[in-house]
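Participant: Take this structure, written in structure tokens, and hold onto it; I'll ask about it next.
The values are calculated or read from the model by the stated rules, or taken from the named source; none is laboratory data. What you are looking at is a predicted structure, and each value in this text was computed from that prediction instead of being measured. Backbone-built Cβ (ideal geometry, glycine too); neighbour counts: all protein chains shown. Surface accessibility is based on the protein's heavy atoms, side chains included, excluding ligands, DNA and RNA. Shrake-Rupley method; radii C 1.70, N 1.55, O 1.52, S 1.80 Å.
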Amino acid sequence: MIIHYPKDKHLLTKLKAGDIVSFSGVIYTARDAAHMRLQKMLQNNEPLPIDFKDAFIYYAGPTPTKPGKVIGSIGPTTSSRMDGFMQMMKDLNVTATIGKGPRSDACTQFYMDNHILYFITTGGCGALLSKAVTKAEEVAFLDLGPESIKRLEVKDFTMICAIDYYNNNIFGGK
């Protein structure tokens with residue numbers, strides 16, 4: 001399925017676990033350190049550096065950008081490391097997360113109950129995935145280096161729907 005987001009937001013409800021998606025739009029990167037900092041900011045009622053409402057968050061930390069390139073290799077990190085932040089995804093009104101591998105049973109059920117989509121990309125394909133990035137800019141936590149939050153504009157970023165809105169999970173179980 002081809003999705004130009006947010007224009008095609010309505011198509012998200014048609015996705016089924018296992019569907020291959022060619023996504024064009026904005027994706028934010030955020031890994032462990034950024035998640036921890038965001039959670040602390042929320043707990044302290046501090047203003048957040050960006051609005052994550054309806055955002056797609058990609059669990060990735062790109063390698064350094066080579067001259068003439070938009071971004072370095074940008075492969076996914078293991079998503080289960082972010083399972084402890086599932087409530088924060090709801091609090092931030094995130095639409096979807098992107099990573100690799102299965103989620104815990106608790107996280108899977110939470111995503112299903114709260115209509116948060118989960119997409120996967122293939123580990124080891126970071127160089128290929130970086131070709132879909134047309135623009136990249138650091139937008140928060142620059143001191144975290146590769147784990148800073150980046151705003152990526154992507155065109156035809158390939159991913160697979162792993163958890164859909166209909167309680168389907170490609171990894172089985174809940």
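For (1) in contact with a Phe, Trp or Tyr (Cβ under 9 Å, 6 or more places away or on another chain); (2) part of a loop (DSSP other than H, G, I, E, B); (3) open to solvent by 30 Å² or more (accessible area, probe 1.4 Å); (4) in contact (Cβ under 8 Å) with a residue 40 or more places away in the chain, each residue gets a yes or a no:
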| residue | (1), (2), (3), (4) |
| --- | --- |
| H10 | no, no, yes, no |
| V21 | yes, no, no, yes |
| G25 | yes, no, no, yes |
| M36 | yes, no, yes, no |
| P47 | no, yes, yes, no |
| D51 | no, yes, yes, no |
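Participant: G84 - would you say it is open to solvent by less than 60 Å² (accessible area, probe 1.4 Å), over 14 Å from F56 (Cα atoms) and either out of contact with any helix residue (DSSP H, G or I) (no Cβ under 6 Å at 6 or more places or on another chain) or of a type outside the set (K, R) (or both)?
Facilitator: Criteria not met by G84.
Participant: Regarding D32, is this residue within 26 Å of G84 (Cβ to Cβ) and touching a residue at least 60 places away in the same chain (Cβ under 8 Å)?
Facilitator: Yes, satisfied.
Participant: Just one of (1) touching a helix residue (DSSP H, G or I) at 6+ places or on another chain (Cβ under 9 Å); (2) modelled with pLDDT of 95 or more; (3) surrounded by 19 or more Cβ atoms within 10 Å (Cβ to Cβ) trips up G75, so point out which.
Facilitator: It fails just one condition, (2).
Participant: So, one more: Taking the residues in segment 102-136 that are β-branched (V, I, T) and open to solvent by 40 Å² or more (accessible area, probe 1.4 Å) as candidates, determine which candidate is modelled with the highest pLDDT.
Facilitator: Residue satisfying both the conditions and the ranking: T134.
Participant: Also: Quick check on my filter: what residues within segment 90-122 are among the β-branched types (V, I, T) and farther than 15 Å from F56 by Cβ?
Facilitator: T108, T122 - these are the residues of segment 90-122 that are among the β-branched types (V, I, T) and farther than 15 Å from F56 by Cβ.
Participant: Then there's this: Can K16 be described as open to solvent by 30 Å² or more (accessible area, probe 1.4 Å), part of a helix (DSSP H, G or I) and at pLDDT 95 or above?
Facilitator: Taking the combined requirement at face value, the residue does not satisfy it.
Participant: Yes or no: segment 82-100 includes at least one residue that is of a type in the set (S, T, Y) and over 19 Å from T158 (Cβ atoms).
Facilitator: Among the residues of segment 82-100, not one is of a type in the set (S, T, Y) and over 19 Å from T158 (Cβ atoms), which makes the answer no.
Participant: OK, next. When residues of segment 59-93 are filtered for being within 27 Å of Q43 (Cα to Cα), of a type in the set (A, V, I, L, M) and in contact with a Pro (Cβ under 8 Å, 6 or more places away or on another chain), how many remain?
Facilitator: Total meeting the criteria: 1.
Participant: Restricting to segment 138-169, name every residue that is open to solvent by 70 Å² or more (accessible area, probe 1.4 Å) and in contact with a strand residue (DSSP E or B) (Cβ under 7 Å, 6 or more places away or on another chain).
Facilitator: Within segment 138-169, E138, K155, D156, T158 meet the criteria.
Participant: Are there any helices (runs of 4 or more DSSP H) wholly within segment 65-171 with 3 or more residues that are over 19 Å from A55 (Cα atoms), and if so which?
Facilitator: Per the criteria, 105-113, 126-130.
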